[in-house]
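The values are calculated or read from the model by the stated rules, or taken from the named source; none is laboratory data. Here the structure is a predicted model, which is why all the values come from computation and not from measurement. Heads up, the Cβs are rebuilt from the backbone with ideal geometry, glycines too, and the neighbour counts pull from every protein chain shown.
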Amino acid sequence: MTASELMASYCVVVNKGSGVLVNAMSQDYSYVLTARHVLTEANAKLVVTDVQGRELKVLSVLNHTDQSHSDTYDCAVIQVEYIPTVAQQSFPASSLPDMAPLKLVGFPGTERGSTDPMKVQDGHMTSVRDHLIVFTVSGTPGKDAIEGMSGGGIYHVANERPYLVGVEFGMDSINKHQQYGRVQCQGLVRFEEIIEANNKAPIIPAYLECFSRLREQIFSFMLLIKILLLV
């Protein structure tokens, strides 16, 4: 799969916002990372669908046990049914090089009725402070073009491989006259804090995900060798 196809396969719709699928160190569930403000209070009203329009079964919504965390950070974690095809790889926001190229993947509200509702916004990292990423979007789009992408994944693509670095949650200004071209994103650390507070399985680290895929390839290779030996 291409980098674009991989990013698309992990992108989901969460109500009127967006979200991103990630692996858990468990085969009982997967996670959707999103912005907290896109969730409704009642779990029964929460609808999560993948890029193909298929609804995912929601198991629970994880809230941090410390209310101050929820008050400070606009991020949420949703437990969904186990998705075995997710092979997300991540990259720490603090390790991003200056002006690193980034991509925002999500479902803007203005495109929900189109035949291609998922969009990718290109740009670069402007700053990273305390795991808060400021992302400058190419073309300086206004809030209307970004709205609905809240909760979408932010990726750094290297060697044709997308690495998840954070989740977008809003414009980089409270002044509506300055809400053009810059968005804020939480690094993955904030979501890991929610998961840890709930004593749930951690997100699979990138190096373990790489090993799991390598293991599958080794198994296939050994199976091929056995078949050839029997011929």
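List pairs: first residue in the stretch 75-88 and surrounded by 15 or more Cβ atoms within 10 Å (Cβ to Cβ), second residue acidic (Asp, Glu) and assigned to a loop (DSSP other than H, G, I, E, B) anywhere in the structure, Cβ distance under 7 angstrom, at least six positions apart or on different chains. That search, which allows pairs on different chains as well, returns Tyr82/Asp28. Among residues of the stretch 138-154 that are among the hydroxyl-bearing types (Ser, Thr, Tyr), those with a beta-carbon under 6 Å from a residue that is surrounded by fewer than 24 Cβ atoms within 10 Å (Cβ to Cβ) at least six positions away or on a different chain give the pairs Ser138/Asp122; Ser138/Gly123; Thr140/Tyr180; Thr140/Gly181; Ser150/Val38. In the stretch 1-13, the residue that is nearest to Glu147 (Cα to Cα) out of those that are outside any helix (DSSP H, G or I) and at pLDDT 95 or above is Val13.
Tally up the residues in the stretch 10-19 that are out of contact with any Ser or Thr (no Cβ under 7 Å at 6 or more places or on another chain) and either without any contact (Cβ under 8 Å) to a residue 12 or more places away in the chain or not basic (Lys, Arg) (or both), please. Walk me through how you get there before you give the answer.
If we filter the stretch 10-19 for residues that are out of contact with any Ser or Thr (no Cβ under 7 Å at 6 or more places or on another chain), which is where we start, we get 10, 16.
Okay, now just the ones that are also either without any contact (Cβ under 8 Å) to a residue 12 or more places away in the chain or not basic (Lys, Arg) (or both), so 10.
Matching residues across the stretch 10-19 total 1.
Scanning the stretch 52-86 for residues that are closer than 15 Å to Arg36 by Cβ and part of a loop (DSSP other than H, G, I, E, B) returns Asn63, His64, Thr65, Asp66, Tyr73, Asp74, Cys75. Restricting to the stretch 103-127, name every residue that is in contact with a Ser or Thr (Cβ under 6 Å, 6 or more places away or on another chain) and of a type in the set (A, V, I, L, M, F, W, C). The one that is in contact with a Ser or Thr (Cβ under 6 Å, 6 or more places away or on another chain) and of a type in the set (A, V, I, L, M, F, W, C): Phe107. Filtered by the rule that a residue be over 15 Å from Ser18 (Cα atoms) and surrounded by 15 or more Cβ atoms within 10 Å (Cβ to Cβ), the stretch 109-123 gives a lone residue, Gly123.
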